[in-house]
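The values are calculated or read from the model by the stated rules, or taken from the named source; none is laboratory data. Bear in mind that the values here come from a model prediction, so they are computed numbers and not experimental data. Cβ placement follows ideal geometry from the backbone for every residue including glycine, while neighbour counts extend to all protein chains displayed. Note: areas computed on protein heavy atoms with side chains; ligands, DNA, RNA excluded. Shrake-Rupley method; radii C 1.70, N 1.55, O 1.52, S 1.80 Å.
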Amino acid sequence: FKGDDTCEYLLSSGRFLGEKVWQPHSCMMHKYKNSEAKNCLVDKHIVFIGDSRIRQLFYSFIKLINPQVKEEGNKHGNIPFEDKSASIKVDFLWYPEVNGSMRQRIKSWTESSVAKPHIIVAGAATWSIKIHNGSNEALTQYKINITSIAPLLEKLAKSSDVYWVLQDPVYEDMLSDSRKMITNEKIDAYNEAAVRILNSSSRNSKAKVKVFSVSKLIARETIMKSADGLHLPESSRDTNAMILMNVYCNKIMKPIDGSCCQPQPPLTLIQKLAFCFFTLSIVGYLIINLLHRNNFRKSKSCTDLESGEEKKPAISTPNVSTLEMLLHSFCKLGLIMTYFYLCDRANLFMKENKFYTHSSFFIPIVYILVLGVFYTENTKETKVLNREQTDEWKGWMQLVILIYHISGASTFLPVYMHIRVLVAAYLFQTGYGHFSYFWIKGDFGVYRVCQVLFRLNFLVVVLCIVMDRPYQFYYFVPLVTVWFMIIYVTLAIWPQIVQKKANGNCLWHFGLLLKLICLLTCIYFLSYSQGAFEKIFSFWPLSKCFELNGNVYEWWFRWKLDRYVVFHGMLFAFIYLALQKRQMISEGKGDPLFSNRVSNVLLFISIVSFLTYSIWASSCKNKTECNELHPSVSVVQILAFILIRNIPGYVRSVYSSFFAWFGKISLELFICQYHIWLAADTKGILVLIPGYPMFNVLVSTFIFVCVAHEISQITNDLAQIVVPKDNSTLLKRLLCVAGFFCGLLFFSAMQDQSRH
């Protein structure tokens, strides 16, 4: 840990992930687009001064602004570039040697009457080695010249960003005869002189010349691909240019996936209030705990001095009060949230970019599947989609999604399409589970609604406050919350049709189907009417929940992507429960779901459907086109999986307790991964132990899973307190919650005003 500034790491160290992806030590590089580069460099003047290697870097840099630029013009002369649309001026100045001419040009910028460049990138040495045939006198003269230039560069560094590019190694076997004297030994000597002399007079000053030494590391890996043994291949030059862009622009543009050179964000007012609240909770819990300990000591058995008999305490172990339970939960939550903040907001732990390889995704998948099969147990009941089975389903899906995220597999389209089915399957279970509950129980009370909403949203609301992120950022929770409310409203509005009522008259089944058809019509209309959808969710205060980056487009896209699957889940639950009521399916232990012939036919169709979908998903070439088809066809693989899992009686009678354990905390795992397993809001990977990738994943995963499990318990404990069964008490709590959110909106408005 070297403090908040990760620029030193970006400029000096790193490694290649694969052949072309450069990973700086400890931080993440953002890949700048042309529009982003222009926004960052608007009204800026950048100067590259040096030899042919600096000229190459100049061209790679300006191609980030305008990719159409061609490398033309006098190679041994000055080359200007200007982007008038953004008022960006970039110049290359041909000074192949560190000499009096270069000194004079740099000195001219230090004069107060001259406009100074905002960025200066300088470097030269190979020409000096070549012209003077690698003599020691040339090296001595180089030291004298750079000593005279160094104070001028340090003076410029007070108002501009100044970079000195160290010399890259050469591939000596490929050098032409006229360049044979340029050896890596000589280059190292020149680099050593430059590093020793630069900043020698301002070691304690913040204004320093930044030594660009990372190019040497990149060149060592790629110089053998050089065309002449001296100049870097284009991919390496582009990497150097991207590093330069990250060094300068990250602190201006603040990209989420560009943690290098980004300062720690200041605490917001809401974050400060949250910190005070958790601190008071911890202090309050400690005080109550100390008081209880003292009371317990006083009530211990003591000896009667007169009779010599031991007195027994008249009281038993005191019950934990609601206040103590509340403070205990918030105390633990406060410590956990501190860890969240340190991992993904403070610049304490390192972050690295993801890099996808087939082995990094498929090997862990095989490993967890073997573990899951190893922990096989008998189910308590053998119904279709029983509790153990749905927990198992959620568990293995969540583990696959976690591996998908940490391996960066979203870049591989076939994997992406299969993961989309897993997300759809979660929503299918939402439709199936909530419909089944309301249909069978007929419980439309406020208590049930509040319980579900609290369990779904508690962690996300806390993270929105502590991590300063909008609600829509954790897109899956808004998705399941809105779908739960849609299911509730659909079934709760008049006429309320439940199983008990429908059993008395079959016409009620048609009434329910009519409700479902109306729901499907509304879904269809909203999915093809973006304007209507955005109007609904742009009303204040709904907009505060569903806006991301100032609009609700992201929310519309997420909702539209799986728009039919919840309806499919509700319809499946209705058909299954109707068949179950009429005893048209057999759910006994070891019995097939239907007659042998029907079961075999359905099983064959299901396997063929499952494989057909996988073949289609694996052959996808265009993500946009496949996403358009996904809402209509994802249900095919989901239903195929359910039938394969439930038709054979022996398969339905067992489950994996390993997967089921993870399934019980699947929501917490999905949300916690954003900040304490992944990093930079899922764009990178958290690095607790640098240099040991496998060991780091083991340690961070262990902590991550334990934290998710603990948060699940905290949520369950707080749900009992915040959402009581007594209606009058519940009403008071709801008023308190409404007051809390009003206060949150008020402070959020104050924050927005202060930012503007």
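Overview of results
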item	result
Scope the stretch 91-109; condition buried (at least 16 other Cβ atoms within 10 Å of the Cβ) and not charged (D, E, K, R); matching residues	Phe92, Leu93, Trp94, Tyr95, Pro96, Val98, Asn99, Met102, Ile106, Trp109
Within the stretch 167-182, tally of residues that are open to solvent by 40 Å² or more (accessible area, probe 1.4 Å) and closer than 19 Å to Thr222 by Cβ	5
From the options Ser160, Ser113, Ser135, residue that is within 30 Å of Leu64 (Cα to Cα) and at pLDDT below 95	Ser160
Residues satisfying the stated conditions in the stretch 351-386, i.e. part of a helix (DSSP H, G or I) and among the β-branched types (Val, Ile, Thr)	Ile363, Ile365, Val366, Ile368, Val370, Val373
Which numbered condition Ala708 misses (of (1) modelled with pLDDT under 95; (2) part of a helix (DSSP H, G or I))	(1)
Complete set of residues in the stretch 71-99 that are outside any strand (DSSP E or B) and under 37 Å from the mean Cα position of the chain (by Cα)	Lys84, Ser85, Ala86, Ser87
Subset tally (residues that are crowded, with 24+ Cβ neighbours inside 10 Å and on the phi > 0 side of the Ramachandran plot) for the stretch 21-54	1
Residue in the stretch 643-651 that is crowded, with 20+ Cβ neighbours inside 10 Å, in contact (Cβ under 8 Å) with a residue 60 or more places away in the chain and out of contact with any Lys or Arg (no Cβ under 6 Å at 6 or more places or on another chain) present	no
Matching residues in the stretch 284-319 - criterion: being surrounded by 11 or more Cβ atoms within 10 Å (Cβ to Cβ), modelled with pLDDT of 65 or more and of a type outside the set (S, T, N, Q)	Gly284, Tyr285, Leu286, Ile287, Ile288, Leu291, His292, Phe296
Members of the stretch 124-160 that are open to solvent by 40 Å² or more (accessible area, probe 1.4 Å) and under 43 Å from the mean Cα position of the chain (by Cα)	Lys155, Lys158, Ser159
Condition check for Ser213: in contact with a Ser or Thr (Cβ under 7 Å, 6 or more places away or on another chain), under 23 Å from Arg55 (Cβ atoms), open to solvent by 10 Å² or more (accessible area, probe 1.4 Å) and among the small types (Gly, Ala, Ser)	yes
The stretch 115-161, residues that are out of contact with any His (no Cβ under 9 Å at 6 or more places or on another chain) and touching a residue at least 60 places away in the same chain (Cβ under 8 Å)	Ile120, Val121, Ala122, Gly123, Ala124, Ala125, Thr126, Trp127, Ser128, Ile129
Residue among Ile703, Ile685, Ile671 that alone is assigned to a helix (DSSP H, G or I), of a type in the set (Val, Ile, Thr) and open to solvent by less than 40 Å² (accessible area, probe 1.4 Å)	Ile671
Lone qualifier among Thr382, Thr376 - being of a type in the set (Val, Ile, Thr), over 19 Å from the mean Cα position of the chain (by Cα), modelled with pLDDT of 85 or more and open to solvent by less than 40 Å² (accessible area, probe 1.4 Å)	Thr382
Test: residue in the stretch 488-501 that is open to solvent by 40 Å² or more (accessible area, probe 1.4 Å), under 42 Å from the mean Cα position of the chain (by Cα) and closer than 30 Å to Glu668 by Cα	yes
Only one of Ser235, Ser281 that is surrounded by fewer than 19 Cβ atoms within 10 Å (Cβ to Cβ), among the polar types (S, T, N, Q), in a helix (DSSP H, G or I) and within 31 Å of the chain's Cα centre (by Cα)	Ser235
In the stretch 183-200, the residues that are open to solvent by 10 Å² or more (accessible area, probe 1.4 Å) and of a type in the set (A, V, I, L, M)	Ala189, Val195, Ile197
Any hit, the stretch 337-350, residues being assigned to a helix (DSSP H, G or I) and acidic (Asp, Glu)	yes
Residue in the stretch 65-85 that is in contact with a helix residue (DSSP H, G or I) (Cβ under 7 Å, 6 or more places away or on another chain) and touching a residue at least 60 places away in the same chain (Cβ under 8 Å) present	no
Residue identified as without any contact (Cβ under 8 Å) to a residue 40 or more places away in the chain and under 28 Å from Cys464 (Cβ atoms) among Lys251, Lys225	Lys251
Condition broken by Leu267, with the remaining ones in (1) part of a helix (DSSP H, G or I); (2) open to solvent by 40 Å² or more (accessible area, probe 1.4 Å); (3) modelled with pLDDT of 90 or more; (4) not acidic (Asp, Glu) satisfied	(1)
